[in-house]
Structures are given as C-alpha cells and as structure tokens.
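Below is one structure; the comments refer to it alone.
The values are calculated or read from the model by the stated rules, or taken from the named source; none is laboratory data. Predicted, not measured: the structure shown is a model, and the values here were computed from it. Using ideal geometry, Cβ is built from the backbone for each residue, glycine included, and neighbour counts are taken over all protein chains shown. For accessibility, only protein heavy atoms count, side chains too; no ligands or nucleic acids. Shrake-Rupley method; radii C 1.70, N 1.55, O 1.52, S 1.80 Å.
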Amino acid sequence: MNGLFLAYRRALRSLLRPDIFWHLLWPSLLAFAIWVGVAVFFWTDAAAALIRMADGWPLVGNWFTHEESGRVTIAVVVNVLLFMLAVPLVFVTSAILVSIFALPMMLERVARTDYDDLEERHGGTMMGSLFNSLWALLVFLVVAGLTLPFWLIPGVGLVLSVLLSAWLNQRCYRYDALMNHADKTELRDVPRRRKGGVYALGIGAGVLAFVPFLNLFVPAFTGLAFVHYLLEGLRRDRGRIAGAV
C-alpha cells in the first residue's frame, strides 16, 4: 500500500513539470474529439440498433412492443448505455495514445531525473509496446462486445467498464513503464510480484474515468503512476538481489 501512495505522490509531482504537463492533456483531448465526431454521425443509428436488439429479447421485447412506458424506458436505457460505452471508449483511446506515444516520452524524462541509478537493460522495444497495446485493445473490444447485453442491467455496465479498464491499463502500462530498464525476465516478473498493486492502480483509473473534467488527466496520470510504481519496484528487487550476493 505504501508503494501505491508513493507512486501517486511522485506521479503528481511529475505532472507539474513543464516538459511533462502537455502530455497530460493532448491524448485525452484528441480521444474526446475523435469520439464526439463519431457520436455526431452514428449515435442515432447505434441507438436504433440497440433498441431492435432489445425488441428481440423475451419479456423485454413484449413489454417494449405493447407498453408506451416500456418504449420510453427502453429508449432512455439505450441512450444511457451508449453514454456508458462512450466514456470507456474515450478513456481507452486516450490510454492507447498515452501508451504508444506520450508515455515513452514522459518515461525518458522521469527516468533521467528520478531513476538515473537504474541500469537500462532494454528488455522491451517500441514495436513490442505497439503490439502489446493493440493486442490489449483487441481483447478489450472483444470482451466488451461479448458482454454488451449485461451492460443494460443497471450498475453492471459501470462495474464491467471499471474492470475492463483496469485490465487494459495494467496490460498496456506495465510493459511501457519497464521496457527500457528491465531485462526480459524482469519485464515479466516485476509486475507479477506486484499484481495486487498493479490492478489497484488500474481500478483507480477506471473509477476516475467517470469523474467529469478529472478524467481528462487520468490516462497520463495513471501512466506516470505505473512508471513510478514499477521502476521503484525494479530498483528494490535489484537491491535485494545485490544484497543477497
């Protein structure tokens, strides 16, 4: 737990640096602009498709067809569902932009000042980061699609969004945070030893993604928190190995 608080504190400190601050904003602003554009053109069609899907469900479809209140309720639920899907899509797009583009630049600056004692062993690569991020995005979209009917259940959509975002965060950021400094074995083992903390960082980010305005800062802040949490973990692991020798 102390490691998480330390990572958050260092991430907040890093965000105040002029060479870091811009990377806090541009991925979220670009992701927001992309999905607003998509919503303008496709929201009505997407809502109609979901309503047709609901119409085919047993019980729900009969109520929707014969009751005016049912039609109104389904329309409201579908639009709320689309909003619930839009929030994680914006967050996921921003997280991928941070993972592929912003985080490597922030990592270089942070590591130079805060972790200059760590030897760089380059267990990861930029191509590896790209493949890892795209694979994580693909899995996220497939699971989100398969669980789509459950998102219509009140409360379940929020829980699924947070859990999926948590998985995506830890999958993307743990590789990027360590790719320059860890060797191939450390790249696998350091996050595994801290699985609870890694998922806690991801869940925290998934919850904050639903807080208006604050969610603009969440992807870059989360990326920095992963950098500090895992690089500090790598530093301590190497210290224990050196002490044992």
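Tell me, what % of the accessible area of segment 64-203 is carbon and sulfur with a 1.4 angstrom probe? Kindly include the intermediate steps, with their values, before the conclusion.
Working: 4560 of 6650 Å².
Its accessible area is 69 percent carbon and sulfur atoms.
Using all alpha carbons of segment 116-212, what is the percent of pairwise distances in each 10 Å bin, ordered from the shortest bin to the longest?
Pairs per bin, as whole percents: 15, 39, 31, 12, 3, 0.
Tell me the label-point distance for the pair residue 195, residue 5, using the 7 Å Cα-to-Cβ offset, in nm and rounded to one decimal.
The answer from the label model is 2.6 nm.
Using Cα pairs under 8 angstrom and six or more residues apart, how large is the relative contact order of the chain, in percent?
30 percent
Heavy-atom accessible area per residue, segment 162-210, 1.4 Å probe: how many Å²? Before the final figure, lay out each step's value.
Numbers: 1880 Å² over 49 residues.
Result: 38 Å² of accessible area for each residue.
Kindly state, as a whole number, the per residue volume in cubic angstrom of the convex hull around the alpha carbon atoms of the chain. Display every interim value, and only then the final one.
Details: hull volume 31.2 nm³, N = 245.
Roughly 128 Å³ of hull volume per residue.
Ratio to report: Rg/Rh of segment 73-127, with Cα atoms as the point set and Rh obtained by the Kirkwood method; give two decimals.
The Rg/Rh ratio comes out at 1.32.
Using the basic label-point model (7 angstrom from Cα toward the beta carbon), what is the residue 153 to residue 108 distance in nanometres?
4.7 nm
Just tell me, in residue order, which DSSP H segments of the chain are both 18 angstrom or longer along the helix axis (alpha-carbon based) and at least 1.0 in mean Kyte-Doolittle hydropathy.
The qualifying helices are 18-55, 68-97, 126-146, 195-208.
State to the nearest 20 debye the size of the charge dipole of the chain about its Cα centre, where the only charges are +1 on K and R beta carbons and -1 on D and E beta carbons.
Taking the Cα centre of the chain as origin, the dipole is about 680 debye.
I'd like to know which of 41, 24, 142 lies farthest towards the positive end of the charge dipole of the chain, counting +1 on Cβ of Lys and Arg and -1 on Cβ of Asp and Glu.
Final value for the positive-end residue is 24.
Can you figure out the FRET efficiency of residue 53 with residue 184, using R₀ = 51 Å and their beta-carbon distance, to the nearest 0.05?
Working: r = 45 Å, r/R0 = 0.88.
After rounding to 0.05, the efficiency reads 0.70.
So what's the gap between the Cα centers of segment 149-215 and segment 122-140, to the nearest angstrom?
What the calculation gives is 14 Å, centre to centre.
Using a cut-off of under 19 Å, list every residue of segment 181-211 whose amide N is near the label point 7 Å from the Cα of residue 125 along the Cα-to-beta-carbon line.
It comes to 181-188, nothing else.
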